[in-house]
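Report on the following structure.
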Amino acid sequence: MSNLKLLKYLTVACGFIATILFISTVFTDYFASTLASKLSLNVLGESNIVANFFNHLFIFFTVVFSGLLYYYCKKTDKSEFKEATFFYFIAFLILFLRTFLPSGDVHSFTYLLAAGIQILATLMALFFFLIVFLNRRYPFLFAALMMVDILIYMGSVLYSVLLTDFSLPNLGSNIAASINITFFSLFFLTTPIKKEKTI
């Protein structure tokens with residue numbers, strides 16, 4: 001197996017792992033809430049710990065996935081995705097730093113600046129993907145999926161702003177992330193490598 005094929009499968013594997021971790025986070029929250037309401041048990045505290053653990057792992061694997069994806073596109077014939085994957089990686093890297101470092105006051109200038117840069121980088125990445133899918137004769141379904149993904153993400157941001165809690169990531173932004181991660185994993189898994197460069 002060549003180095004690029006190994007890189008491709010490693011990237012895709014990280015994407016699928018991230019998707020599984022997101023599903024695990026949602027399932028843990030839902031299961032704990034349902035169990036606590038039906039049986040009047042105080043399991044929310046322990047479930048929140050498990051859900052937060054899955055969520056942190058999810059964010060970590062999004063960073064790994066986006067970084068590998070950028071490197072893969074840079075080294076193969078998928079150079080049209082370089083700009084999109086670069087902003088994609090930057091967005092998840094900022095999210096990672098915001099999640100694992102003490103956030104402090106969510107209304108502070110530093111927090112809002114970091115969140116604003118992350119939102120801008122995410123939207124730029126998704127719009128770059130959309131432009132590539134529209135201009136490079138890919139099936140229109142790919143562009144339509146990107147448009148839906150952008151709308152979900154923008155809706156989650158507006159929802160957070162209207163609530164004035166600025167809690168990103170929230171469920172909507174995580175759903176948008178899991179959708180595009182799963183799609184990109186399947187897309188690059190099924191796309192053959194036409195040109196290899198030395199890594």
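The values are calculated or read from the model by the stated rules, or taken from the named source; none is laboratory data. Just so it is clear, the structure is predicted and the values come from calculations on it, not from any experiment. Protein only, heavy atoms only, side chains kept; ligands, DNA and RNA dropped before computing areas. Shrake-Rupley method; radii C 1.70, N 1.55, O 1.52, S 1.80 Å.
For the pair the stretch 50-127 / the stretch 128-169, the C-alpha centres are spaced 14 Å from each other.
What's the whole-number percent of alpha carbon pairs in the stretch 68-185 lying beyond 20 angstrom?
On the way: 2923 of 6903 pairs.
The answer is 42 percent, as a whole percent.
Annotation: per residue accessible area for the stretch 67-153 equals 53 Å², rounded to a whole number [probe 1.4 Å, protein chains only]. Computed over protein heavy atoms with a 1.4 angstrom probe, the accessible surface ordering of D77, D149, D29, largest first, is D29, D77, D149.
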